[in-house]
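Colleague: Submitted below is the structure of interest, expressed as structure tokens.
Read the figures in this text as sums done on the coordinates, not as results from a lab. Predicted, not measured: the structure shown is a model, and the values here were computed from it. Glycine also receives a Cβ, built like all others from the backbone with ideal geometry; neighbour counts cover every protein chain displayed.
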Amino acid sequence: MQPHDDGANKMILTDQQNQLIDTATLSSLTGSSVAVLLAGNVAQYVFNWNPRWFGLAVACVISTTVTMSTQHASAIDWVVCMLRAFQIYATAVGLATVTAPKSLRHRVSHASSKQSSPAQKKFLTSWY
């Protein structure tokens, strides 16, 4: 919401819906990392999918889409695309770790990460 002056010294808040997530924010590190974090947490919460691999796939899709949107992408652009996907994913993992409650920040073994009991099912959980 943005403040807007209506001329009578009253501030009115206007909602600019296109400021949340759009192509400009998805092409930035912050926007793409938040999108990966949200997609991973929603997939874990709703479908009980492992956010590690799903988040990496989403980061690769976002990075590839941004690279494909540029005209005449060279071979070095595709190498940078791969590195950008890893950077997006690493930032999303850091955000997931920082935002998870302290009780859920412990490292989960591979066997227990596949099955999550309903009592432990939280939206903001650490991916590692």
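Colleague: What are the ³J(HN,Hα) values, in whole Hz, obtained from phi via the Karplus relation 6.51 cos²θ - 1.76 cosθ + 1.60 with θ = phi - 60°, for each residue of segment 69-85 in sequence order, with x given for Gly and Pro?
Modeller: For segment 69-85, the Karplus curve yields 6, 7, 7, 6, 5, 8, 4, 5, 5, 6, 5, 5, 4, 5, 5, 5, 4 Hz.
Colleague: Also: So for I21, I88, fewest C-beta neighbours within 10 Å to most, what's the order? Display every interim value, and only then the final one.
Modeller: Details: I21 13, I88 29.
So the ranking, lowest neighbour count to highest, is I21, I88.
Colleague: When you count, for each residue, the other Cβ atoms within 10 Å and take the mean per peptide, how do 46-58, 27-39 rank with the highest first?
Modeller: 27-39, 46-58
Colleague: Starting from 0.36 nm per residue, how many nanometres of slack lie between W49 and T97 once their C-alpha separation is accounted for?
Modeller: 15.6 nm
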